[in-house]
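Worksheet: one structure, shown below.
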């Protein structure tokens, strides 16, 4: 009788192990499908990548600094011209 009970428990344990493996497979498949759908959605939204955004941001900061420097030069030149008159 104990052999029969052990066999039932062994079969039940094997069934549970197989079910857990199947659940992990389904989980991986669902994650893959979700990632593909999310990637397709983001690509259709025409979003910029972080690296591209940072590069353009750095260019804008540099342009602003150069603009400020040129404005200071113009003010200095105008002051010199006003002093000569």
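Bear in mind that the values in this text are calculations on the coordinates, not laboratory data. Everything quoted here is computed from the prediction, not taken from an experiment. Because the Cβ atoms are built from the backbone with ideal geometry, glycine has one as well, and the counts that use them run over all protein chains shown.
Some values worked out for this structure:
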read-out: FRET efficiency, 1/(1 + (r/R0)^6) with R0 41 Å, evaluated for residue 10 and residue 31 via beta carbons; value: 0.80
read-out: Scaled radius of gyration (Cα, divided by 2.2 N^0.38 Å) that the range 40-85 gives; value: 2.12
read-out: Calculated log₁₀ intensity ratio I(q)/I(0) where the Debye formula runs over C-alpha points of the chain, q = 0.14, 0.17, 0.19 Å⁻¹; value: -0.80, -0.90, -0.95
read-out: Rounded tilt (10° steps) of 50-84 against the dominant C-alpha axis of the chain; value: 10
read-out: 222 nm mean residue ellipticity, helices alone, for the chain (DSSP H n ≥ 4; -39,500 (n - 2.57); rounded to 500); value: -34000 deg cm²/dmol
read-out: Kirkwood-based Rg to Rh ratio, the range 1-46, C-alpha trace; value: 1.49
